[in-house]
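K.L.:
I am attaching a structure below and will ask some questions about it afterwards.
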There are 2 protein chains.
Amino acid sequence: MAMRHVVLKHVLSAQPRADDFQILEATPPACPDGGVRARVLYVSLDPYVGSRLRGRHMGEAPPAPMREPIPGACVAQVVETRTPDFAIGDVVHTMEGAWADEIAIAAGHARKLDPAMAPLQAHLSALGMPGLTAWAGVTQRARVGADDIVLVDAAAGAVGGAVGQIARIKGARAIGVAGGAEKVRLVVNEYGFDACVDYKAPDWEKALDAALPAAPTLCFENVSVAMLTTMLSRAAPYARVVLCGLVDQYHADAPPPQIPAGLIIGKRAQVLGLVVYDFYPRWSDFLAEAAPWVREGRLRIAEDVAHGLNGAPALFEKLMQGRNIGKCIVAVAEPS
Amino acid sequence: MAMRHVVLKHVLSAQPRADDFQILEATPPACPDGGVRARVLYVSLDPYVGSRLRGRHMGEAPPAPMREPIPGACVAQVVETRTPDFAIGDVVHTMEGAWADEIAIAAGHARKLDPAMAPLQAHLSALGMPGLTAWAGVTQRARVGADDIVLVDAAAGAVGGAVGQIARIKGARAIGVAGGAEKVRLVVNEYGFDACVDYKAPDWEKALDAALPAAPTLCFENVSVAMLTTMLSRAAPYARVVLCGLVDQYHADAPPPQIPAGLIIGKRAQVLGLVVYDFYPRWSDFLAEAAPWVREGRLRIAEDVAHGLNGAPALFEKLMQGRNIGKCIVAVAEPS
């Protein structure tokens, strides 16, 4: 009755690599009172986990100890239940999952999924936290409409890709910034952005100017203050800025990112901090609006999938180094 | 027929002091086609002029040359006119004035004042650019309402004082931060803020915590990023921040001010850049709302007045050093 889970070999002192992890056998967790025990089908690998393992994510936790499960959102199937809310065989989503064959989910931390709504792994990408983040930023914080020109960095990523697609569904134009020709092709050909610019190419800022139909009215910032400065300096007066992640700072052993006040004042900008946790209570509103988009093929996120738990450490290293194309998901098991 | 004006003795290389200026006789300016020549009654001394003289104001101009008039908003009386819009004897407001006995005002740069509306010098304080700045920030950018708790720095200054009073007129509570017991008394006793804290006192941050009835929902920032950080770290989730001046940076020979991105994201803040120039077309809307407040004594700004042009350099030095109490105005001449 043993299961496997992924744990750290040692306390981290640098950006995590595949070698920092090991796969151990373990006793399956007990089913908590009021909760469920579930078999993991898919687990999401997310950039914020890298910083959380090092204790750098919004200053909220110390570094992760060795031999603790690695956190990750999961789609999982109930195998034991101690709540009338879930039956054996139900498929659920939880933010409190782990890189493991089985997980215990405490009361209040599972959300039942309708397998007919969309492919199950979409609940970790377009309909999961990345999609919710994009929806919250585009529709709730920035209230994007048909007159907007939305400039998005990390446009090939799950959040950035969803931002541009949702903005276009709302009638706006979307211009992406991504790193490398393959990602640029994904953003234009698969995600349908109006244009995308490769920031690794020479003279890329000139290419950005040429790609912009007019000054952006919204900058959606996922990556870094340097990129934000490049984007905001091109923005229209009174442009909005959604500050979402500053992903490249999660592992920078450098001072925390700062935004030039003069640029905010000079652009009369409206800078909006976004923390997706606040929107968890709105998940059903989001699904009601976005699930049809997914079924119709209007909102889709490329996936970089590892098959089997053994593949998780290498895929996570790829994610940390920005070499992934699309949302990183580990397919752990088939639903029964 | 000579007049006097104030000019720089030399190109500035540091924060201006009284000694950097001299008062010279000069030929009165010619009346421009389509404009007027006017006798200055009151001239406003403003912090931004210090940076403009050094060429540091929003990077928009090189340092001021010697022997050019020092800019300043004026209330002035028309003595010669080349436009049907103004008659001799009309009292006007202009942003394009100078520290001088007489000024030329080009077409489109004068606004006729109704002497019955309010005391004339109020058009340089509560009804002038400081009042317009406060009104634009409180009512147009932040849309303050009865549920707001507004935390204002430089609360004894003309902008900060008007911010708190307008916020209270809109039903909000206003908490000020000011430097020194005399300024704190002004803010509470004359401006009617709910409370004010002296940032020069020991343990002042504890006093601030004690003075706040609850977490601020709006931080109105006039002074510095250090003060903003102190204020925003106490703010409620989703608080607004109006970024208005960062006055203490106008003369800091230091890198431009930066705002910690993590604090904006962590607070889910809405940071709003404010440039008052954009609201000049709204001046009549502002006067329609605010002039009754001034007449009723609900909006008032203390004045630090120098009598006669000779007093301008010393008063400006006092302003640059933060030793003024209230709006700095030079009373140059009586209306005829």
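K.L.:
Any residue in the range A:265-275 that is within 7 Å of chain B (Cβ to nearest Cβ), farther than 24 Å from A:ILE169 by Cβ and part of a helix (DSSP H, G or I)?
P.N.:
yes
K.L.:
Provide a single number: the residues in the range B:102-154 that are in a loop (DSSP other than H, G, I, E, B), crowded, with 19+ Cβ neighbours inside 10 Å and either touching a helix residue (DSSP H, G or I) at 6+ places or on another chain (Cβ under 7 Å) or of a type in the set (A, V, I, L, M) (or both). Before the answer, list the steps.
P.N.:
Quick first cut of the range B:102-154, residues in a loop (DSSP other than H, G, I, E, B) only: B:106-110, B:113-119, B:125-128, B:142-148, B:153-154.
Of the ones still in play, those that are also crowded, with 19+ Cβ neighbours inside 10 Å are B:110, B:113, B:118, B:125-128, B:142, B:144, B:148, B:153-154.
Filter once more, keeping what is either touching a helix residue (DSSP H, G or I) at 6+ places or on another chain (Cβ under 7 Å) or of a type in the set (A, V, I, L, M) (or both): B:110, B:113, B:118, B:125-127, B:142, B:144, B:148, B:153-154.
Matching residues across the range B:102-154 total 11.
K.L.:
Of all residues in the range A:81-101, which are small (Gly, Ala, Ser) and open to solvent by less than 30 Å² (accessible area, probe 1.4 Å)?
P.N.:
Passing the criteria: A:GLY97, A:ALA98, A:ALA100.
K.L.:
Here's a follow-up. Count, please, the residues in the range A:47-70 that happen to be modelled with pLDDT of 80 or more and either touching a Gly at 6+ places or on another chain (Cβ under 7 Å) or at positive phi (or both).
P.N.:
Final tally of qualifying residues: 1.
K.L.:
Also, quick follow-up: Please tell me if A:VAL36 is modelled with pLDDT of 95 or more and open to solvent by less than 40 Å² (accessible area, probe 1.4 Å).
P.N.:
Answer is yes for this residue.
K.L.:
Name the single residue that is most open to solvent (accessible area, probe 1.4 Å) among those in the range B:282-296 being charged (D, E, K, R) and part of a helix (DSSP H, G or I).
P.N.:
B:ARG295
K.L.:
Would you point out which residue out of B:ALA261, B:ALA226 is without any contact (Cβ under 8 Å) to a residue 12 or more places away in the chain and buried (at least 19 other Cβ atoms within 10 Å of the Cβ)?
P.N.:
B:ALA261
K.L.:
To continue, here is another question. Say whether the condition of being part of a strand (DSSP E or B) and either more than 9 Å from chain A (Cβ to nearest Cβ) or modelled with pLDDT of 95 or more (or both) is met by at least one residue in the range B:243-262.
P.N.:
Our first condition is that a residue be part of a strand (DSSP E or B); within the range B:243-262, this holds for B:243, B:258-260.
Of the ones still in play, those that are also either more than 9 Å from chain A (Cβ to nearest Cβ) or modelled with pLDDT of 95 or more (or both) are none.
Scanning the range B:243-262, I find no residue that is part of a strand (DSSP E or B) and either more than 9 Å from chain A (Cβ to nearest Cβ) or modelled with pLDDT of 95 or more (or both), so the answer is no.
K.L.:
So, one more: What single numbered condition from (1) within 14 Å of chain B (Cβ to nearest Cβ); (2) open to solvent by 40 Å² or more (accessible area, probe 1.4 Å) fails to hold for A:PHE279?
P.N.:
If we test A:PHE279 against (1) within 14 Å of chain B (Cβ to nearest Cβ); (2) open to solvent by 40 Å² or more (accessible area, probe 1.4 Å), just (2) comes out false.
K.L.:
Follow-up. If I ask for residues that are under 21 Å from A:ALA226 (Cβ atoms) and touching a Gly at 6+ places or on another chain (Cβ under 6 Å), which ones from the range A:168-188 would you list?
P.N.:
A:GLY176, A:VAL187 - these are the residues of the range A:168-188 that are under 21 Å from A:ALA226 (Cβ atoms) and touching a Gly at 6+ places or on another chain (Cβ under 6 Å).
K.L.:
Out of the range A:3-14, which residues are open to solvent by less than 70 Å² (accessible area, probe 1.4 Å) and not in a strand (DSSP E or B)?
P.N.:
A:LEU12, A:ALA14
K.L.:
Of the residues A:ALA314, A:ALA306, only one is crowded, with 17+ Cβ neighbours inside 10 Å and more than 14 Å from every other protein chain (Cβ to nearest Cβ); which?
P.N.:
After ruling out the rest, the residue left standing is A:ALA306.
K.L.:
Scan the range B:75-96 for residues that are in a loop (DSSP other than H, G, I, E, B) and of a type in the set (S, T, N, Q) and jot them down.
P.N.:
Answer for the range B:75-96, where residues must be in a loop (DSSP other than H, G, I, E, B) and of a type in the set (S, T, N, Q): just B:THR83.
K.L.:
Right, something else. Being farther than 14 Å from B:GLY128 by Cα and not hydrophobic (A, V, I, L, M, F, W, C) is the filter; apply it to the range B:143-167 and report the residue that is farthest from the chain's Cα centre (by Cα).
P.N.:
For the range B:143-167, the residue satisfying everything is B:ASP147.
K.L.:
Could I ask something else about it? Just the residues that are open to solvent by 30 Å² or more (accessible area, probe 1.4 Å), part of a loop (DSSP other than H, G, I, E, B) and more than 17 Å from B:ALA314 (Cβ to Cβ), please, taken from the range B:15-33.
P.N.:
Selection gives B:THR27, B:PRO28, B:PRO29, B:ALA30, B:PRO32, B:ASP33.
K.L.:
For the range B:155-181, which residues satisfy the criterion of being closer than 15 Å to B:THR217 by Cβ and either open to solvent by 10 Å² or more (accessible area, probe 1.4 Å) or of a type in the set (Lys, Arg) (or both)?
P.N.:
Answer for the range B:155-181, where residues must be closer than 15 Å to B:THR217 by Cβ and either open to solvent by 10 Å² or more (accessible area, probe 1.4 Å) or of a type in the set (Lys, Arg) (or both): B:ARG168, B:LYS170, B:GLY171, B:ARG173.
The values are calculated or read from the model by the stated rules, or taken from the named source; none is laboratory data. Remember, predicted model here, so these are calculated numbers, not experimental data. Ideal geometry is used to build each Cβ from the backbone, glycine not excepted, and the neighbour counts take in all protein chains shown. Side chains included, ligands, DNA and RNA excluded: accessible areas come from the protein's heavy atoms. Shrake-Rupley method; radii C 1.70, N 1.55, O 1.52, S 1.80 Å.
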